[in-house]
Each structure stands twice: as C-alpha cells, then as structure tokens.
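Trainee: Below is a structure I'd like to ask you about.
The values are calculated or read from the model by the stated rules, or taken from the named source; none is laboratory data. This one's a predicted model, so the numbers in the text were calculated from it and none came from an experiment. Positions of Cβ are backbone-derived with ideal geometry, glycine not excepted, and every protein chain shown enters the neighbour counts.
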Amino acid sequence: MQGFALYPFDPPGDIAALRTDLRDWLAANQPQSDVVARANCWASFDASFSRALGAAGYVGMTLPTQYGGSDRHPLERYVVIEELLAAGAPVGAHWIADRQTGPLILRYGSEEQRQRYLPGIAAGELYACIGLSEPGAGSDLAAVRTTARETAEGWRINGQKIWTTGAHFSHIMLALVRTEEGSERNAGLSQLLIDLDTPGITIRPIIDMAGHHDFNEVFFDDVLVPHGALVGERGQGWKQVTAELGLERSGPERYLSSHALLVALIDAAGPEPDPAITTLIGELTAEIWTLRQLSMSTAAKLAAGEDPMVEASVVKELGNAFEQDMPRRVQAIVTSGWDDENDLAKLLRALLIASPSFSLRGGTREVIRGIIARGLGLR
Amino acid sequence: MSAARDMLCDTARAVFAEAATAGIAPVEEAGFGLLLVPEENNGFGGDWGDVNAVLQIAGVIVPDLPVAELIAGEAFQPAATVSLMAGAMGRALSLSIDHVNTRQQFGRPLGKFQAVQQSLAAMACEVRAVEAAAAALASRLDAVGLDAAAADFEIAAAKLRANRAVGVVTAIAHQVHGAIGFTEEYDLHRVTVPLMRWRGAHGNDAFWAARLGRQVAGFGGRGLWEAMTARGA
Ligand SMILES: Cc1cc2nc3c(=O)[nH]c(=O)nc-3n(C[C@H](O)[C@H](O)[C@H](O)COP(=O)(O)OP(=O)(O)OC[C@H]3O[C@@H](n4cnc5c(N)ncnc54)[C@H](O)[C@@H]3O)c2cc1C
C-alpha cells in the first residue's frame with residue numbers, strides 16, 4: 001500500500017516520568033466514580049475533574065504558553081491521553097475542546113479568537129461542541145444547509161444542527177455553515193465559532209437509548225454573531241473541517257474508551273482463569289496491542305505535520321470493530337445476568353448498549369471504509 | 001527507512017526474483033544467512049528491523065522458500081513468520097487492487113462498486129494491522145538485544161494477530177478475484193496458500209491466545225496496561 005509507511009513513535013522528553021507523574025496525580029485526584037463512568041469515559045462529564053486536570057497542566061498541552069498551554073510535544077499529549085483513558089478518567093467535559101477545537105483555533109483562528117478562547121480551554125474550563133451534522137446532512141456532510149449571511153452587524157445564522165454532543169454544557173460551538181448564497185456541496189461553506197449563550201439559540205436534549213443525555217438538537221433562529229466569529233477563511237470551511245476530522249479519528253480513544261471492560265474481565269477471571277476465558281483475554285490483548293501500535297504510528301505521522309487521513313481511518317475502523325466486539329465476546333463467555341450488580345455485569349450492560357454508536361460517531365463505518373478505499377486508489 | 005536498509009531491500013528483491021525460479025541457492029549465495037551475524041564475525045550485522053524488511057519481501061516473492069529458517073534460529077521462527085505473513089498479505093492486497101481496477105463487469109471496473117470497495121477497505125485494515133504488529137515486534141526484539149524470551153509478550157500478540165488476519169485477508173482476496181483467483185496459473189494462491197499454512201505453523205491461534213492470556217491474567221487488569229507501556233513507548 002503506497003504511502004503507508006509506519007512512523008516510529010518517538011516523543012521527546014522523559015516519557016516514563018511523565019507517565020509516573022500522571023499516574024500519581026490520578027491516584028490522588030481521580031474521583032472514585034461508579035465503574036460505568038470509567039467505561040466509554042470520554043463521555044463522562046466532571047467539571048471539577050477537568051478543572052483540576054487543567055490546573056495540573058494536562059489539558060491544552062500542545063498550546064503555546066502565551067495562551068495558557070504548556071507547549072508540549074503532541075506525542076507527550078498522546079501519552080497523557082492514553083493514560084487518562086486507560087484509567088477511565090472522566091474527561092468528557094473538556095474532551096472536544098482539548099482534542100479538536102483548541103488545535104483548530106490555534107491553526108486557523110484569529111489572534112483575537114486565540115486570546116479569547118484558548119486560555120479557558122487549556123484551563124479545562126471552557127467546553128466546546130462540534131456543529132457538523134444536520135437532519136439532512138449526516139454521512140453526506142456537504143449537504144449542510146444552515147446558513148450564515150454577512151450583514152453590517154455581523155453573521156446572521158438560521159438553521160439546525162443535530163446530534164451535537166455536549167451542546168447543553170458547552171460554551172462554544174464550532175459550526176459548519178453555508179456562507180455563500182446558492183452555493184452547493186462542499187463549496188461556500190465556512191466555520192463559525194458561536195458563543196452558545198447568544199440569543200436565538202435553542203438547545204433541546206436528545207435522550208439516547210441508554211437513557212443518557214449526551215447529545216442535542218440545536219436551533220438557530222436569526223442568531224447574530226460578530227464578524228469576528230468567522231474561523232479561518234471564508235469559503236474554506238470544508239478544508240478546515242477535513243483537517244479537524246483527522247484529529248478526531250486516530251487517537252487512542254478509538255480503542256481505549258471501553259478499556260474498563262477488559263480490566264474488569266481480567267480482574268474477575270483471576271490469575272488462573274479457565275481455558276476459554278484465558279483464550280479470550282489473549283485474543284483481546286493481541287488486538288489492543290496491535291491497535292496501540294497503529295494509533296501511535298498515526299499520531300507520529302500527524303505530529304510530523306503530515307495528513308494521515310487514511311491511517312486515521314484504519315485506526316478508527318479497527319478500533320470501533322474491536323470495541324464493539326469486546327462486549328459481545330465477553331457476554332458470550334462469561335456467566336452473568338443482565339441486571340447483576342457486580343462491576344463486570346454493569347460494565348457489560350452499559351457497553352453493549354453504548355457500542356452501536358462507536359461506528360457512527362466521528363464518521364460511520366461505511367464512510368470510513370470509503371475513505372480507505374479512496375486511499376487504495378479505488379475511487 | 002535508512003539508506004542501508006533501502007539497499008538491503010533492493011538486493012533482496014533482485015535475489016528473491018532470481019530465487020523464484022532457481023530455488024534457495026541464490027539466497028544462500030548472496031549471504032542472507034549472515035544477515036544477523038555481527039560484522040566482527042564477517043556477518044552483515046543487521047538488526048530485526050532488517051530481518052522484518054527482508055522477510056516481508058520474501059513473503060511477497062518467495063513465500064515457499066525457507067528464507068526465514070536461513071536467517072534466524074528456531075526461537076525466532078514465530079516472529080519471522082509474522083513478517084512473512086505481513087508481506088504475503090500485502091501482496092494479496094495489491095493483487096486484489098490491480099484485479100478490481102482492470103476486471104470489468106456490468107460495464108465498469110469492479111473497483112467502482114461500493115460493495116467491492118468496502119471489502120477491500122476491510123482487508124486493507126487487516127494488512128495494515130499485521131504490518132504494524134511486525135514493525136512493533138521488530139523494534140521490541142531490537143530493544144532487548146534479540147532475546148526472544150524478553151519479547152514473549154510481543155511475539156505472542158503479533159503472531160496471534162497475524163493468524164487472525166489470515167481468515168479475512170484470504171477470504172476477501174479470493175472473493176474479489178472470482179474464479180480466476182482459484183486457478184493454478186494465477187498468482188494469488190502463491191501467497192494465500194502459504195498464509196493458510198503459516199496460520200497453523202509455529203503456534204496456531206489457540207496456542208498463542210492461551211499463552212498470551214495466561215501472561216495477562218498474571219498481570220491483572222491494571223497490570224496489563226502497565227506492562228504494555230513499560231515494554232515500549
Ligand atoms: C454518540 C454520537 C455522538 C455524535 N456526536 C456528534 C457531534 O458532536 N456533532 C456532530 O456534528 N455529529 C455528531 N454525531 C452524528 C454523527 O456524525 C452521524 O450520526 C453520522 O455522521 C451519520 O449520520 P446519520 O446519523 O445522519 O446517518 P445516515 O447518514 O442517514 O446513515 C445511515 C447509515 O447509512 C449509511 N450510509 C449513508 N450514506 C451512505 C452511502 N453513500 N454509502 C453507503 N452507506 C451509506 C451510513 O454509513 C449509516 O450506516 C454523533 C453521533 C453519535 C451516534
């Protein structure tokens with residue numbers, strides 16, 4: 001496969017010390033939350049944890065110090081992220097802001113936007129959400145219809161976003177909107193940074209099948225935001241969003257978000273499990289070990305300034321499949337009632353219900369495979 | 001890749017191409033048996049990264065010749081097999097891509113059909129996973145000074161992962177090739193049959209899963225993560 005070189009994961013600095021410090025910090029600061037909150041943990045919201053993590057310098061790590069960041073290497077950030085996920089830390093509140101909105105503002109935002117938003121993001125206090133999907137634009141993102149018209153006072157926004165994770169607790173939304181009247185498909189789109197307390201915005205909860213309120217519909221009814229809300233170049237929204245999706249797809253969260261289940265399985269099995277469980281543990285370990293290599297190599301490529309769109313998609317596809325497989329395979333082998341209250345049973349139930357979303361959020365399996373097929377020269 | 005390794009790979013490609021018709025002799029004569037022998041003993045002084053690169057090429061061109069046995073000792077055969085498998089899977093993928101880009105049905109190349117694209121994407125993911133496993137195993141072996149016992153975790157994980165990829169890769173490769181891929185004259189079986197053989201050689205899925213599972217059960221839940229991070233990066 002041409003251009004599919006493996007990049008060595010070679011972060012600068014003392015990585016072992018970084019891990020030890022963070023593990024110590026987590027031991028002292030991680031809330032003793034319910035075991036279920038440790039699974040799918042980038043959806044677990046805990047504002048005081050996010051603030052403490054920010055104060056300790058583990059949020060916005062790659063942002064320059066002048067904006068409150070700590071100017072660390074992206075691969076140092078990677079190490080921190082995988083430690084947080086492996087520990088099941090409740091990183092959901094600041095997750096999107098740290099992972100994609102912050103880096104995007106740094107890259108494309110104006111100086112004013114950087115000064116205004118980045119310090120809050122790095123402090124783990126300012127949360128963001130992603131306004132891409134619309135009722136008529138899911139997989140077909142270029143069908144976005146929400147409009148922003150430039151007027152003398154600023155941008156006037158009308159339309160609707162949907163499935164917006166965390167809109168109900170976020171301060172800002174980075175939205176993809178149609179700024180050129182009559183434009184079609186991926187032309188004429190721009191990104192706007194919208195303060196969610198602006199008048200005319202209505203956020204309605206959508207309750208998911210687990211009974212949780214994670215995502216929302218967001219309505220824009222003649223919402224007026226300043227001219228300065230435009231991020232990057234007018235009309236370049238599509239290009240910017242694509243770059244953002246690269247950040248979204250290859251991280252360790254694509255295979256470590258349900259790590260708590262594997263931990264619980266191993267702990268429940270004890271040091272000498274029966275042969276069938278031993279086999280399952282071995283199989284899952286081979287998968288997670290390999291996924292980690294793939295994800296690290298992709299992170300290294302990203303850190304080297306290249307665009308690993310295809311590699312990131314490979315990580316997402318295999319990671320999603322692994323995380324969807326794991327609860328099914330554990331359930332197939334472990335004797336456990338649906339309503340049992342031990343850790344393993346609770347985790348199993350929660351992840352079985354959550355897992356269909358893994359291959360939807362961040363791009364569906366079919367879309368992701370389409371990107372890989374393009375990388376193979378088939379499209 | 002280093003310039004030295006590039007040169008090594010160029011040589012391997014040329015020598016293996018000759019060996020494809022002439023048998024193992026050209027590989028022996030070219031000195032590949034000395035790849036891991038230190039320079040002070042008049043060897044090539046290569047590391048496992050070199051072996052991995054050479055064996056992947058062997059997996060593409062001469063999957064039936066005993067190149068792995070020539071280069072590395074018994075304890076390293078499971079690791080060597082992962083490299084061969086990565087190469088052979090890469091070959092199955094490139095044959096498949098070439099085929100679907102040329103073979104026309106319903107008035108267009110097969111590769112233009114979404115169902116075919118999706119299958120090949122799934123296959124590519126598996127190939128990529130095995131390449132990554134082979135590379136990570138190589139760097140672990142190099143880090144521990146080619147001590148197979150110190151890389152037992154990685155050998156088990158990589159061989160098991162490669163074994164599990166065989167089913168997907170061979171099934172999809174043959175599916176998209178249709179009947180032509182099932183013939184003796186066409187090249188696909190030259191890599192798919194060895195892949196099926198290697199899946200059971202030097203430890204099948206059950207063997208490595210049990211071996212890895214026992215190690216991990218000993219680590220404990222949290223211990224697995226600590227062990228993985230302590231063993232590299
Ligand atoms: C938990 C969760 C969190 C989310 N958070 C956010 C968020 O924060 N912000 C945001 O903007 N969005 C978010 N999303 C939305 C997500 O990005 C969309 O669900 C996704 O893009 C799919 O769109 P859709 O739901 O409209 O499905 P559809 O586009 O209707 O697709 C339905 C099915 O058809 C398949 N399909 C569609 N078109 C094709 C085609 N051409 N070829 C083959 N198959 C096709 C799809 O792959 C999918 O399997 C979230 C989704 C979930 C589940």
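Trainee: Would you please name the residue that is nearest to the ligand (Cβ to nearest atom), looking only at residues in the stretch A:338-354 that are under 23 Å from the mean Cα position of the chain (by Cα) and buried (at least 19 other Cβ atoms within 10 Å of the Cβ)?
Mentor: Residue satisfying both the conditions and the ranking: A:354.
Trainee: Quick one: residue A:139 ticks every box in (1) away from every other protein chain (no Cβ under 14 Å); (2) within 10 Å of the ligand (Cβ to nearest atom) except a single one, so which number is it?
Mentor: (1)
Trainee: If you scan the stretch A:159-195, which residues turn out to be within 22 Å of the chain's Cα centre (by Cα), more than 10 Å from the ligand (Cβ to nearest atom) and of a type in the set (Gly, Ala, Ser)?
Mentor: Answer for the stretch A:159-195, where residues must be within 22 Å of the chain's Cα centre (by Cα), more than 10 Å from the ligand (Cβ to nearest atom) and of a type in the set (Gly, Ala, Ser): just A:190.
Trainee: Going through B:223, B:213, B:218 one at a time, which residue ends up being closer than 24 Å to residue B:138 by Cβ, facing chain A (nearest Cβ under 9 Å), at pLDDT 95 or above and part of a helix (DSSP H, G or I)?
Mentor: That would be B:213, the only listed residue that is closer than 24 Å to residue B:138 by Cβ, facing chain A (nearest Cβ under 9 Å), at pLDDT 95 or above and part of a helix (DSSP H, G or I).
Trainee: Which number in (1) surrounded by fewer than 22 Cβ atoms within 10 Å (Cβ to Cβ); (2) at pLDDT 95 or above; (3) over 30 Å from residue A:295 (Cβ atoms); (4) not basic (Lys, Arg) marks the one condition that residue A:171 misses?
Mentor: (3)
Trainee: May I pose another question? For the stretch A:36-45, check the following and say yes or no: at least one residue is modelled with pLDDT of 95 or more, under 17 Å from the mean Cα position of the chain (by Cα) and hydroxyl-bearing (Ser, Thr, Tyr).
Mentor: The answer is no, given that none of the residues of the stretch A:36-45 is modelled with pLDDT of 95 or more, under 17 Å from the mean Cα position of the chain (by Cα) and hydroxyl-bearing (Ser, Thr, Tyr).
Trainee: If you don't mind, there's one more thing I want to ask. Pairs under 7 Å by beta carbon, first residue assigned to a helix (DSSP H, G or I) in the stretch B:73-84, partner among the charged types (D, E, K, R) and modelled with pLDDT of 95 or more, six or more apart or different chains?
Mentor: Every condition considered, the pairs that remain are B:78/B:159; B:81/B:159; B:82/B:159.
Trainee: Among the residues of the stretch A:144-188, what is the count of those that are within 28 Å of residue A:92 (Cβ to Cβ) and not basic (Lys, Arg)?
Mentor: Number of matching residues: 21.
Condition check ((1) closer than 19 Å to residue B:158 by Cα; (2) touching a residue at least 12 places away in the same chain (Cβ under 8 Å); (3) more than 7 Å from every other protein chain (Cβ to nearest Cβ); (4) touching a strand residue (DSSP E or B) at 6+ places or on another chain (Cβ under 8 Å)) across all residues:
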site: A:251; (1), (2), (3), (4): no, yes, yes, no
site: A:277; (1), (2), (3), (4): no, yes, yes, no
site: A:288; (1), (2), (3), (4): yes, yes, yes, no
site: A:296; (1), (2), (3), (4): yes, yes, no, no
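Trainee: Do we find that residue A:328 is within 16 Å of the ligand (Cβ to nearest atom), away from chain B (no Cβ under 14 Å), surrounded by fewer than 21 Cβ atoms within 10 Å (Cβ to Cβ) and of a type outside the set (Gly, Ala, Ser) in this structure?
Mentor: no
Trainee: Given (1) in contact with a Pro (Cβ under 7 Å, 6 or more places away or on another chain); (2) away from every other protein chain (no Cβ under 12 Å), where does residue B:100 come up short, assuming only one miss?
Mentor: It is condition (2) that residue B:100 fails.
Trainee: Then there's this: Being of a type outside the set (Phe, Trp, Tyr) and within 13 Å of the ligand (Cβ to nearest atom) is the filter here; which residues of the stretch A:206-217 pass it?
Mentor: Answer for the stretch A:206-217, where residues must be of a type outside the set (Phe, Trp, Tyr) and within 13 Å of the ligand (Cβ to nearest atom): A:206, A:207, A:208, A:209, A:210, A:212, A:213, A:214, A:216, A:217.
Trainee: When you check residue A:16 against the structure, is it in contact with a helix residue (DSSP H, G or I) (Cβ under 9 Å, 6 or more places away or on another chain) and without any contact (Cβ under 8 Å) to a residue 40 or more places away in the chain, yes or no?
Mentor: Judged against the criteria, residue A:16 is a match.
Trainee: Tally up the residues in the stretch A:349-379 that are away from every other protein chain (no Cβ under 14 Å) and outside any helix (DSSP H, G or I), please.
Mentor: The total comes to 4.
Trainee: Let me ask something else. Quick one: in the stretch B:147-164, which of the residues that are within 11 Å of chain A (Cβ to nearest Cβ) and surrounded by fewer than 24 Cβ atoms within 10 Å (Cβ to Cβ) is nearest to the chain's Cα centre (by Cα)?
Mentor: Out of the qualifying residues, it is B:164.
Trainee: Return the only residue of A:39, A:86 being within 14 Å of another protein chain (Cβ to nearest Cβ) and within 16 Å of the ligand (Cβ to nearest atom).
Mentor: Result: A:39 is the single residue among A:39, A:86 that is within 14 Å of another protein chain (Cβ to nearest Cβ) and within 16 Å of the ligand (Cβ to nearest atom).
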